[in-house]
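The values are calculated or read from the model by the stated rules, or taken from the named source; none is laboratory data. Quantities reported herein were computed from a predicted structural model and do not represent experimental measurements. Because the Cβ atoms are built from the backbone with ideal geometry, glycine has one as well, and the counts that use them run over all protein chains shown. Quick note on the areas: whole protein, heavy atoms, side chains included, nothing else; ligands and nucleic acids left out. Shrake-Rupley method; radii C 1.70, N 1.55, O 1.52, S 1.80 Å.
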Amino acid sequence: MEINGGDTVMKEAIREVDRAIDEVRGQSEAVMARRLQAARQQKMVEAKIAELGDKAKFAVQGGRDDLAEAALKRQIDFEGEIAKLAEVQTGSTDEEAKLDDALASLRSRKAQMEDALNAWQQANRDAALGGDKGFQVQREVEHKVERAEAAFDRAMGGSGGVNFTRADADTINKVAELDGMQKSASVAERLAALKASASKAA
């Protein structure tokens with residue numbers, strides 16, 4: 001129950017970080033859209049300013065200074081708009097950078113949480129399969145064998161047979177290792193003899 005509960009809590013925490021990432025991503029996209037819109041509006045206003053400049057020249061050439069003044073006043077209004085739009089773009093760029101940093105931090109924290117969860121789940125799987133209990137299982141097996149040997153000896157003695165001296169598990173394992181070494185040496189010796197025989201035949 002505790003393991004399942006912990007798994008659920010950790011997964012929900014990761015989902016919460018996912019929701020935070022989605023929220024920050026949405027804010028970043030909104031800020032980017034605002035910046036791009038301001039940039040487009042600035043281009044439109046700049047085109048209007050240029051157009052008004054041409055109109056003012058045309059009015060002066062036609063002797064209509066009043067119309068030229070109106071065009072120039074409108075130019076000044078639009079230039080004020082450009083300053084505001086430039087501020088929006090600068091502020092949006094700064095805000096985007098901060099949101100990008102926040103996104104990178106959230107993604108990094110999510111990755112760390114996922115790695116920790118995966119490691120925790122793997123540890124639980126290993127424990128279910130034996131894991132660190134391997135040594136304990138080995139000792140339990142050895143004890144079972146020792147009890148079986150003791151029962152065998154008692155039965156042998158009770159039947160009038162002769163018991164033989166038991167060695168401890170470590171000694172038995174070392175003797176088994178020695179048997180393996182001798183067998184490997186014998187195989188190597190025979191292989192060398194076969195190679196020598198084949199070389200002479202050639």
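Among 29, 2, which is the only one that is at pLDDT below 90 and of a type outside the set (S, T, N, Q)?
2
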Exercise for review: May I ask you to say which residue of 93, 8 is open to solvent by 40 Å² or more (accessible area, probe 1.4 Å), among the β-branched types (Val, Ile, Thr) and at pLDDT below 90?
Suggested key: 8
**Study point:** All positions within the stretch 47-77 that are loosely packed, with under 14 Cβ neighbours inside 10 Å and not in a helix (DSSP H, G or I)
**Key:** 62, 63
Review point. Can you name every residue in the stretch 96-141 that is farther than 30 Å from residue 22 by Cβ and at pLDDT 85 or above?
Key: none
Practice item. Could you list, in sequence order, all residues of the stretch 19-37 that are open to solvent by 80 Å² or more (accessible area, probe 1.4 Å), free of Cβ contacts under 8 Å to residues at least 24 places away in the same chain and under 19 Å from residue 107 (Cβ atoms)? Key: 19, 22, 23, 29
Review point. Quick check, is residue 148 assigned to a helix (DSSP H, G or I) and modelled with pLDDT of 90 or more?
Key: no
